[in-house]
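S.K.: Let me begin by handing over the structure; questions about it come next.
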Amino acid sequence: MEKYQRIKEIGRGSYGVVYKALNTENGELVAVKKMIGRKYYSSKECMNLREVKSLCKMRNHPNIVKLKEVIVQKNILFLVFEYMECTLFDRMRDRTNPYSETEIRNLCFQIFQGLAYMHGTGGYFHRDLKPENLLVSKDVIKIADLGQAREINGEPPYTHYVSTRRYRAPEVLLHAMEHDSSVDMWAMGAIMVELFTLRPLFQGSSTTDVIRKICSVIGSPTDATWSLFNYRFPEFPGVDLSSLLPSASPEAINLISTLLSWSPCARPTAKEALEHPFFYGCSHIPHPQFERVTLSPMIRNRALPVRVRSRI
């Protein structure tokens, strides 16, 4: 870690602290995440962390944050990422006027491209999509913080406490042990609305409160739209989304409506979302090839600092 000069703290959560830092060897700005709460004794346990495994596998996509280096020093794990200016949450909080539909289209197209790669070639779904986990620099946005990610072909049951409550799909709110990449699509529907309004759509003080809010917006489910398990939903007819989003085009309203579907099967995949008329005219990027990650252990002070370096 000697080559990284700390500049300032830029984030803090239950799993770690993130610092803006300078690589004194090449002058590059990076973000260093110092993991807290446990000690690390081997390279194997570090490489088996979900965030490390998933990001090492998907490190080449331009809309997924790049993990540059993994270092263990004195049994403390440091993850070194490319530096991004701020989170989408920060951007929305600091704005006085809502985003234009053109800006929303550009941001969401990039996110869906990252998700399409993650859900497809990458083999993971995120499970914790929210504005705080989307990083922005100028007009580029990248998916970050894959600590809750799961493999598409992984074995359930999954933990139900994922994502901030206001972005959780109904099946996760109601503790379904089996869920899939469609939970990311629900979160994207909520995020799209928030980009139009700069206010969370399903803000609530409890799970029951959020379920009530969901029903009041999209209408209570029917036997045709909800078949996962029995639950006594509050009865609401729902509202016309165009009344909530008067500046949104019919194409935007249609996409958001399908993303916010009660049935996981009714939500489009990320790949299907990219083909929606809302994104007509947007340019796709080719899928990158995987880049191998090598492990070079070094002995220092009787500890095993582990450096995971990408081949350049």
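S.K.: Quick one: net charge of Glu235's neighbours, Cβ under 15 Å, K/R +1, D/E -1? Kindly include the intermediate steps, with their values, before the conclusion.
M.R.: Working: positive: Arg212, Lys213, Arg232; negative: Asp223.
Result for the local shell: +2.
S.K.: If you don't mind, another one. If amide H atoms are built 1.01 Å from N in the plane of the peptide, which residues on other chains or at least 5 residues away come under 5 Å of the amide H of Thr87?
M.R.: Val136
S.K.: How many nm separate the modelled label positions at Ser242 and Ser263, each set 7 Å beyond the Cα in the direction of the Cβ?
M.R.: 2.5
S.K.: Find, to one decimal place in angstroms, the Kirkwood hydrodynamic radius of the chain, where the mean of 1/r is taken over every pair of different Cα atoms and then inverted.
M.R.: Kirkwood radius, the chain: 20.6 Å.
S.K.: Another one. Would you mind ranking Val70, Val217 so that the residue whose beta carbon has the fewest other beta carbons within 10 Å leads the list?
M.R.: The fewest-first ordering by Cβ neighbours comes to Val217, Val70.
S.K.: If you keep only loop residues by DSSP, which GluC sites (Glu not before Pro) in the stretch 106-196 have at most 12 other Cβ atoms within 10 Å of their Cβ?
M.R.: The qualifying sites are Glu178.
S.K.: Here's another thing I want to ask about it. Considering the stretch 53-194, what Rg and Dmax in Å follow from its alpha-carbon atoms?
M.R.: Looking at the stretch 53-194, its Cα Rg and Dmax stand at 15.4, 49 Å.
S.K.: Also, quick follow-up: Pick from Lys142, Lys39, Lys213: which residue has the top mean-square fluctuation in a GNM of the chain where Cα pairs under 10 Å get a spring?
M.R.: With Cα springs under 10 Å in the chain, the top fluctuation among Lys142, Lys39, Lys213 is at Lys39.
S.K.: Net charge around Pro264, counting only other residues with Cβ within less than 12 Å of its Cβ (Lys, Arg = +1; Asp, Glu = -1)?
M.R.: -3
S.K.: Over the stretch 162-244, what relative contact order in percent results from Cα pairs under 8 Å that are six or more residues apart?
M.R.: So the answer I get is 24 percent.
S.K.: Let me ask something else. May I ask you to order 185-191, 119-125 by the average number of other C-beta atoms within 10 Å around their residues, highest value first?
M.R.: So the peptides 185-191, 119-125, ranked by packing, come out 185-191, 119-125.
S.K.: Below 8 Å between Cα atoms, with a sequence gap of 6+, how large is the relative contact order for the stretch 86-279 in percent?
M.R.: Here the relative contact order equals 23 percent.
S.K.: To the nearest 500 deg cm²/dmol, what mean residue ellipticity at 222 nm is calculated for the chain from DSSP H runs of n ≥ 4 alone, each contributing -39,500 (n - 2.57), summed and divided by the residues?
M.R.: The helix-only estimate for the chain comes to -8000 deg cm²/dmol at 222 nm.
S.K.: Please find, in a Gaussian network model of the chain (springs between Cα atoms separated by less than 10 Å), the residue of Phe229, Phe78, Phe278 whose mean-square fluctuation is greatest.
M.R.: Among Phe229, Phe78, Phe278, the largest GNM mean-square fluctuation belongs to Phe229.
S.K.: Let me ask something additional. In debye, nearest 20, what is the charge dipole magnitude of the stretch 181-259 about its Cα centre with +1 on Lys and Arg Cβ and -1 on Asp and Glu Cβ, if you could check?
M.R.: 200
S.K.: I've got another one for you. How far, in nm, would the chain grow between Thr102 and Ser137 when pulled straight, counting 0.36 nm per residue and subtracting the alpha carbon separation?
M.R.: Details: separation 35, 0.36 × 35 = 12.60 nm, distance 1.72 nm.
Full extension from Thr102 to Ser137 adds 10.9 nm.
S.K.: Can you tell me the dipole magnitude for the chain around its Cα centre, using point charges on the Cβ only (Lys, Arg +1; Asp, Glu -1), in Debye to the nearest 20?
M.R.: 1640
S.K.: Now for a different question. Sequence-distant or interchain residues sharing an amide H contact under 5 Å with Ile76, placed H: which?
M.R.: Distant-sequence amide H within range of Ile76: Tyr40.
Bear in mind that the values in this text are calculations on the coordinates, not laboratory data. All values derive from a computational prediction rather than experimental measurement. Note that we place each Cβ from the backbone using ideal geometry, even for glycine, and neighbour counts take in every protein chain shown.
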